[in-house]
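The values are calculated or read from the model by the stated rules, or taken from the named source; none is laboratory data. As the structure is a prediction and not an experimental result, all values here were calculated from the model. Cβ coordinates were reconstructed from backbone atoms using ideal geometry, including for glycine residues, and neighbour counts include every protein chain displayed. Only protein heavy atoms, including side chains, enter the accessible area calculation; ligands, DNA and RNA are left aside. Shrake-Rupley method; radii C 1.70, N 1.55, O 1.52, S 1.80 Å.
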Amino acid sequence: MPERMRVITIDGPAGAGKSTVAREIAQRLGIFFLDTGAMYRALTLKVLRQGVDLEDEGQLVEAVQETKIDFGRYPDGKVKVLLDAQDVTEEIRTMEVTNKTFYIARAPRVRAIVVKWQRDIGSKRSVVAEGRDVGTVVFPKATHKFYLDADPEERSRRRIKELREKGQAVDAGNLKKELEERDHKDLTRRVGPLKRAEDAVVIDSTHLCADEVVEAMLRHIKYG
Ligand code: C5P
């Protein structure tokens, strides 16, 4: 990695606030925001559309090899996710995609391809990457690593609020159960499981607002 380039990683469970914080840090530092979850989500949307057998890793790999995922920007600065040049920013956030992403995320050969894409992006420019394995597998030599956690109750409260603000009907009990299932799958996956890197700074956001987390991270980046 050239001297001036920086890779900042933020791992943690769903709903800990990684995206909000990573986006803000990227903006403040003027570097690229790499949303790795969006890549697994976009690939899931692709295989769902194609009707691929989600249990068949060979078919998943074939579909992934024919796919191109890009990140663009809307005029207001919001990140745009492009699947084979088509804007899928909103579509990849549906409950269906969210709950089926584990098929793509658990397939070792798929992960090997996606990790390579992510490293390619990080080798060309400074990035803030967020996900589950960005500090452990994707960028083990990152300049700054964070593990952002929060109490499960608080994480499901945040997800419910976020979905309701988008106008989606949410069953709170169901959402909590789905979040727990997703945590379990992320933690127990054989490849690229959610894990704190030994050299990551742990921040618990349960009682912190996004700004406070951003400030804490920026202090570490500056002085750590
Ligand atoms: O972070 P987000 O909720 O958008 O991620 C969607 C899913 O993609 C997660 O539930 C996780 O299973 C998977 N993922 C992953 N590795 C990453 C980022 C996300 O397996 N680095």
**Complete:** When all Cα-Cα pair distances of the stretch 89-162 are considered, the percent exceeding 18 Å is 57 percent
**Message:** If I model a spin label at Glu212 and Lys141 as a point 7 Å from the Cα along the Cα→Cβ vector, what separation in nanometres do I get?
**Reply:** 3.7 nm
**Message:** Which one, Gly122, Gly167, Gly15, has the greatest fluctuation when you compute a Gaussian network model over the chain with C-alpha springs under 10 angstrom?
**Reply:** Gly167
**Prompt:** Hey, what does the equivalent ellipsoid look like for the stretch 135-221, semi-axes from the Cα gyration tensor as sqrt of 5 times each eigenvalue, largest first, whole Å?
**Reply:** 26, 19, 10
**Prompt:** When ligands, DNA and RNA are left out and all protein chains stay put, how many square angstrom of accessible area per residue does the chain have with a 1.4 Å probe?
**Reply:** 52 Å²
**Asked** So how far apart, in nm, are the two label points at Arg93 and Glu180 if each is 7 Å from Cα heading toward Cβ?
**Response** 2.6 nm
**Item:** Across Lys145/Lys195; Lys68/Lys100; Lys116/Lys141; Lys46/Lys100, pairs whose alpha-carbon gap is larger than 18 Å
**Value:** Lys68/Lys100
**Asked** What full-extension length gain, to one decimal in nm, is calculated for Gln86 and Arg190 as 0.36 nm per residue of separation minus the Cα-Cα distance?
**Response** 34.3 nm
**Asked** When N counts the residues of the chain, how does its alpha-carbon radius of gyration compare numerically with 2.2 N^0.38 Å, as a ratio?
**Response** 0.97
**Estimated [θ] at 222 nm from DSSP helical runs (n ≥ 4, -39500 (n - 2.57)) normalised by residues in the chain, nearest 500** = -16000 deg cm²/dmol
**Request:** Distance from a point 7 Å along Cα→Cβ of Glu162 to each backbone N in the stretch 106-136: keep the residues under 12 Å and list them by number.
**Result:** 131
**Asked** What longest range of the chain stays clear of loop-exposed GluC sites (Glu not before Pro) (DSSP non-H/G/I/E/B, at most 16 other C-beta within 10 angstrom)?
**Response** 91-197
**Request:** Evaluate the relative contact order of the stretch 125-224 (contact order divided by residue number), counting alpha-carbon pairs under 8 angstrom at least 6 apart; express in whole percent.
**Result:** 42 percent
**Message:** At 1.4 Å probe size, with the rest of the protein present, what percent of the exposed accessible area of the stretch 67-224 is carbon and sulfur atoms?
**Reply:** 51 percent
